[in-house]
Every structure is written in C-alpha cells, then in structure tokens.
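The next block holds one structure in the form of structure tokens; read it before the comments.
The values are calculated or read from the model by the stated rules, or taken from the named source; none is laboratory data. Not measured: the values here are computed from a predicted model. We place every Cβ from the backbone using ideal geometry, glycine too, and count neighbours over all the protein chains shown. Note: accessible area is taken over every heavy atom of the protein model, side chains too, but ligands, DNA and RNA are not part of it. Shrake-Rupley method; radii C 1.70, N 1.55, O 1.52, S 1.80 Å.
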Amino acid sequence: MSEHLSKVLLVEDEKSLATLYGQYLKNESLEITHVATGREAISYLEHNEPDAVLLDIRLPDMMGTEILEEVNSRGMDTAVIMITAHGSINTAVETMRGGAYDFLVKPFNRDRLLQTLNSALNRKKLASLVRKQELSLHDGFQGFIGSSQTMQIVYRIIEAAADSKATVFVTGESGTGKEVAAEAVHSLSSRTNKPLVVLNCAAIPKDLMESEIFGHVKGAFTGAISDHDVAATQADTGTFFLDEICEMDIHLQSKLLRFIQTGTFHKVGSAKMEKVDIRFVCATNRDPLVEIGAGRFREDLYYRLHVIPVQLPSLRDRPEDIMPIAMKFLHDYSEEESREFERFSDQSINRLVTYDWPGNVRQLQNVIRQVVVMNKGRVVEETMLPFPLYGNNGQSLSTPPARPPFATQSSDVSLPYPIPNYNTGVSPPQPEMPTMPLRPKQIMPLWQTEKEAIQTAIDSCNGNIPKAAALLGISASTIYRKKQVWEAEEAKSAE
C-alpha cells in the first residue's frame, strides 16, 4: 500500500455489514483492515497505530469500550468512531466522554459514513501538523516559541537588528515576552559575552532611580555611605535593557536622553564625567504616543529611542502558537515536577485555543504549571483546567463582572427587593413599579431557533462541526441528528 494512504481499522463482527462498509469506502484513499473480534482488534493495535478506528460497540467477545480504553492507554493519536444501534445511543455518548471522536447509529448511508470519517481523519492530520510544529519549535527562536506569521516578522527584525548598535524599542501587552526579546537582541549581537543589565523602571522608587542608573558617590545624600557603581558602569561594553521605560519620572528623562546621545554621565554627587559604550534596548506595555500626549513622556526621548521598533503580538492574535507553547510548558513542568503528562485532550485543546488570554504567554505559563502541580495523569483533560478556562463557560478574566442593577455612584443604594427593618422586622414601603405594555413578539418553532443557533456556531468555526459542537457543549452526533430533523421539517413546510 502507498504510504500516504490513511489507515482505518474496521472492527465489525457482522460480515454483511463489514462488506457494505467496505463498498462505501472502496473508492477512497484508505488502507482498510477488517477484524471481527475484540481480541483481533487488540492484537492489531499491538503492532499498528491506525489513523481511525470504526468500532462496533457490541462484539462477540467484548465491548467496544474495552478497545477504546486500549487505544487511550497506549496514548495513540487515533480517532475512534463508535458504531451503535438505536438502543445503545446513550452508551455511545458516554464513549465520547471517554475519548471517542464521534459515533454512527445503524443504519447509516455512505454519505454519513464518509462525512464522519473524513472529519476524523482531517482532525488527525491537523493534530500531526501541530505535533511536528511542536517538535520543530521545541527550543523556539532565542526563547520564543511560535511559527505564526506575526512572530516570524518579529524574529526577522531581531535578527537584522541584533548586531547593530541602534536602539531597539519593544512594545507589547504585559506577558508577551518583552524581556525575552531584549535577551534575544543581546544574545545574537557581538556583545553576547558582555553584560546584559536589566532595569525595571516601574519597580524602583523615582527618588532612587537616578542613583540606580548612574550610581552615586559617598555623601551624595543621606544614607550614601560609600561610592555606588550600578547600571551604567555594569553595562559598559554590553547591553542595557530599560523595561517599562514609560514609567520613568519625567524629570529624569532629560538626563537619560543626554546619556543615550553622548554615552557620558555623572554619578550623583560627582562632577567627574564618565564615558561608557552601551547598546540600549527599552520596552513598554503602554502606548508611548498616548504618554507623550499626556505629558508623561518626552517626545525627543521617544524619537531617540524609537529607532528599531519591535511590536510583540498578543497571544490571542496568534492562536496557532498557543498549543506549541502549551506543549513546551507541559513537557518542561512535567519533568520538573516528576509528572507523566504527555498531551492535551481535544476538549482541553478547544478551551485553550478559544480563550482570549488577557495575560498572554505569562498567563498560559501559569495555567499549565497549575495543571501539572495539581493533577496527575498522561492526558490533560478539560476538567483539570483552572477557572476561567473551565467552570464558568471559559469566560475571560478580561471581561469585567456585570454590575449589579442596583449599584449607583452614591452611597445611597436602592435595592430591587425590600430589606426588613433590623429592629422592627417591618419592610419599608416600596415605590410601585410602572407596568409596561407587553410588545407582541413573533414566536418561532423550537427547531428553527435551534437551527439558527447551531448554524451560527458552525459558520463561526468555518464549517467545523466537531469544533462547533464543543463550543455549544453538545456532541457532533447531536448536530447531525438535529440536521436530519430540520431537513424533515423544512420538507414538511414546503409541502
């Protein structure tokens, strides 16, 4: 058989049905192996890893669920499709919770079989691509992980700018990796063996900032009991990274501007001019132009620093990078914490890739670490994910909680219900609420309302029914069954 053919294991004890399914699939690019018993299926799985398994739920020697457990225990990336009769639909639904991709209810036609099997195989191919990407990007680019187009642009800018002495200005939301970018610039430059000095402008009180950058001499101010060499001298011949530059006090910015332009400075309390050779990299999570407009950041300093801009994208703007990053953290923390986690379930992947990550990579890192520390197993299930990814419909932390309808701007809060008087137990009189006439509303049949909601979800997922089903909290088979109901109702309406 050609190596590019997808391997499908058909486990069906009824010979006539196995022949029928084989006829359905004979013109497809598939390598089909048929076995009639559970024992034969397990023997096949000991030496082969098929792309998909068409698995009858009731076999002469065992239940199909036992074979599904075998696939899961071996950690196989195999899509299992259960075949069931009408009386076992509930069991089939339970198998999807146990890792089955979908199920087919007998009798089904060729189109239904092909639709389900092709969907499963496409998911398998996508998972394989993701895995290859994870392996190829395991170490990433200078600490970064991701192959999205936006990150490729970032990598190229850093590579091109690294060996220059030009100042690099990194912008991006908190948690996007601005310090990683600074380290990459330094690591790829000719200064890689020289010091990289990092100074967080938001973490140091403004009255100490000048001393932290330029140092001071003994007696320069109360408490200066000795000479103090800090960032400027430590970074000589190396790289000086000023993180959160927009937090720097406006009065110190003029001295920093002169320092950058001339490479010379005075220690606090000294008249001696000192000269250094420094490459500057700075970063901010604020919009510098907004800060300039508000008078908090000098325009001339901005244009002196803003020579090579590097804009780091938020994680929600590069969703294709979420799983490679998550896998890297999962492997690293599993090793660090002596856990056995190897991969994520389809449901947990869906949660991760559809969440908006307001805290970006740093938040993803914390989520994966929490999962590894608090759980055990080989597969990360969606129930292991912390709030807000699981437990509140994946609601984002960035979404502010709804304000109570009775909240006001004053301390005089009116409640929508009477509160008994503490002393007397008597409720204060409540104003009568005006009655509003009800506006007539068009009522649609329930199936039509369901159809609109489900079709909207399918359209949002670009026709991917399993993904739409996961977002709706139902199984893909439920959608397929409902589609049959809609078609019947529409045919009835047409008559």
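Any residue at all in segment 391-414 that is touching a Ser or Thr at 6+ places or on another chain (Cβ under 9 Å), open to solvent by 70 Å² or more (accessible area, probe 1.4 Å) and either modelled with pLDDT of 90 or more or closer than 17 Å to VAL353 by Cβ (or both)?
no
Any idea which residue in segment 154-191 is farthest from LEU312 (Cα to Cα), counting only those that are open to solvent by 50 Å² or more (accessible area, probe 1.4 Å) and part of a loop (DSSP other than H, G, I, E, B)?
This residue is SER190.
For segment 13-58, which positions are among the aliphatic types (A, V, I, L, M) and open to solvent by 60 Å² or more (accessible area, probe 1.4 Å)? Break it down stepwise before answering.
Keep residues of segment 13-58 that are among the aliphatic types (A, V, I, L, M), which gives 17-18, 20, 25, 30, 32, 35-36, 41-42, 45, 52-55, 57.
Listed by number, the residues that qualify are LEU20, ILE32.
Which residues, taken from segment 63-99, are farther than 22 Å from HIS47 by Cβ and of a type in the set (A, V, I, L, M)?
Matches in segment 63-99: MET63, MET82, ILE83, ALA85, ILE89, ALA92, VAL93, MET96.
Residues to consider are VAL93, VAL105; find the one that is within 32 Å of the chain's Cα centre (by Cα) and open to solvent by less than 60 Å² (accessible area, probe 1.4 Å).
Numbers: VAL105 fails: within 32 Å of the chain's Cα centre (by Cα).
Criteria check complete, one pass: VAL93.
With respect to HIS331, determine if the residue is of a type outside the set (D, E, K, R) and in contact with a Phe, Trp or Tyr (Cβ under 7 Å, 6 or more places away or on another chain).
Values: of a type outside the set (D, E, K, R): yes; in contact with a Phe, Trp or Tyr (Cβ under 7 Å, 6 or more places away or on another chain): no.
No, not satisfied.
Kindly list, by first and then second residue, each pair from a residue in segment 145-161 that is over 15 Å from LYS178 (Cβ atoms) and modelled with pLDDT under 90 to a residue that is open to solvent by 90 Å² or more (accessible area, probe 1.4 Å) and not β-branched (Val, Ile, Thr), limited to pairs with Cβ atoms under 6 Å and residues at least 6 apart or on different chains.
SER148/GLU320
Can you give me the number of residues within segment 281-314 that are in a loop (DSSP other than H, G, I, E, B) and closer than 27 Å to SER189 by Cα? Before the answer, list the steps.
Filtering segment 281-314 for residues in a loop (DSSP other than H, G, I, E, B) gives 285-287, 294-298, 306-307, 312-314.
If we keep only those that are closer than 27 Å to SER189 by Cα as well, we get 285-286, 306-307, 312-314.
Going through segment 281-314 one residue at a time, the tally reaches 7.
Within the group ASP321, ASP317, which residue is surrounded by 19 or more Cβ atoms within 10 Å (Cβ to Cβ), of a type in the set (Asp, Glu) and touching a residue at least 24 places away in the same chain (Cβ under 8 Å)? Let's see the steps before the verdict.
Values: ASP317 fails: surrounded by 19 or more Cβ atoms within 10 Å (Cβ to Cβ).
ASP321 is the lone residue from the list that is surrounded by 19 or more Cβ atoms within 10 Å (Cβ to Cβ), of a type in the set (Asp, Glu) and touching a residue at least 24 places away in the same chain (Cβ under 8 Å).
Considering only segment 31-47, I want to know if a residue exists there that is at pLDDT below 90, of a type outside the set (Lys, Arg) and in contact with a strand residue (DSSP E or B) (Cβ under 9 Å, 6 or more places away or on another chain). Explain how you work it out, then say what you get.
From segment 31-47, those at pLDDT below 90 are 46-47; that's our starting set.
Then drop every residue that is not of a type outside the set (Lys, Arg), which leaves 46-47.
Among the residues that remain, those that are also in contact with a strand residue (DSSP E or B) (Cβ under 9 Å, 6 or more places away or on another chain) are: none.
Scanning segment 31-47, I find no residue that is at pLDDT below 90, of a type outside the set (Lys, Arg) and in contact with a strand residue (DSSP E or B) (Cβ under 9 Å, 6 or more places away or on another chain), so the answer is no.
Tally up the residues in segment 218-263 that are part of a loop (DSSP other than H, G, I, E, B) and either at pLDDT below 80 or at positive phi (or both), please. Break it down into steps so the answer makes sense when it comes.
Within segment 218-263, the subset part of a loop (DSSP other than H, G, I, E, B) is 218-227, 229-230, 235-238, 244, 248-249, 263.
Within this subset, residues satisfying the condition of being either at pLDDT below 80 or at positive phi (or both) are 218-227, 229-230, 237, 244, 263.
The number of residues fulfilling the criteria is 15.
Name the residues in segment 265-306 that are buried (at least 18 other Cβ atoms within 10 Å of the Cβ), hydrophobic (A, V, I, L, M, F, W, C) and farther than 23 Å from LEU196 by Cα, would you?
If the condition is that a residue be buried (at least 18 other Cβ atoms within 10 Å of the Cβ), hydrophobic (A, V, I, L, M, F, W, C) and farther than 23 Å from LEU196 by Cα, then PHE297 is the only one that fits.
Find the residue count for segment 351-362, including only residues that are within 9 Å of the chain's Cα centre (by Cα) and either in a helix (DSSP H, G or I) or free of Cβ contacts under 8 Å to residues at least 24 places away in the same chain (or both). Don't jump to the end; show me each part of the working.
At the first step, the residues of segment 351-362 found to be within 9 Å of the chain's Cα centre (by Cα) are 351-357, 360-361.
Still in the running and either in a helix (DSSP H, G or I) or free of Cβ contacts under 8 Å to residues at least 24 places away in the same chain (or both): 351-354, 360-361.
Matching residues across segment 351-362 total 6.
Scan segment 269-280 for residues that are part of a loop (DSSP other than H, G, I, E, B) and either under 26 Å from GLY177 (Cβ atoms) or β-branched (Val, Ile, Thr) (or both) and report the count. Don't jump to the end; show me each part of the working.
Step one: of segment 269-280, the residues part of a loop (DSSP other than H, G, I, E, B) are 269-272, 276-278.
Filter once more, keeping what is either under 26 Å from GLY177 (Cβ atoms) or β-branched (Val, Ile, Thr) (or both): 276, 278.
Qualifying residue count for the region: 2.
Please indicate, with yes or no, whether at least one residue in segment 323-339 is polar (S, T, N, Q) and part of a helix (DSSP H, G or I).
Narrowing segment 323-339 to residues polar (S, T, N, Q): 334, 338.
Imposing the further condition that a residue be part of a helix (DSSP H, G or I) reduces the set to 334.
Checked against the condition, which is being polar (S, T, N, Q) and part of a helix (DSSP H, G or I), segment 323-339 yields at least one hit.
Could you say whether any residue in segment 59-78 is within 19 Å of LEU114 (Cα to Cα), aliphatic (A, V, I, L, M) and in contact (Cβ under 8 Å) with a residue 24 or more places away in the chain? Explain how you work it out, then say what you get.
First, pick out the residues of segment 59-78 that are within 19 Å of LEU114 (Cα to Cα): 78.
Filter once more, so that each one left must be aliphatic (A, V, I, L, M): none.
No: segment 59-78 contains no residue that is within 19 Å of LEU114 (Cα to Cα), aliphatic (A, V, I, L, M) and in contact (Cβ under 8 Å) with a residue 24 or more places away in the chain.
Determine which single condition GLY295 fails, assuming it passes every other condition in (1) under 23 Å from the mean Cα position of the chain (by Cα); (2) at positive phi.
Evaluating GLY295 over (1) under 23 Å from the mean Cα position of the chain (by Cα); (2) at positive phi leaves (1) as the failure.
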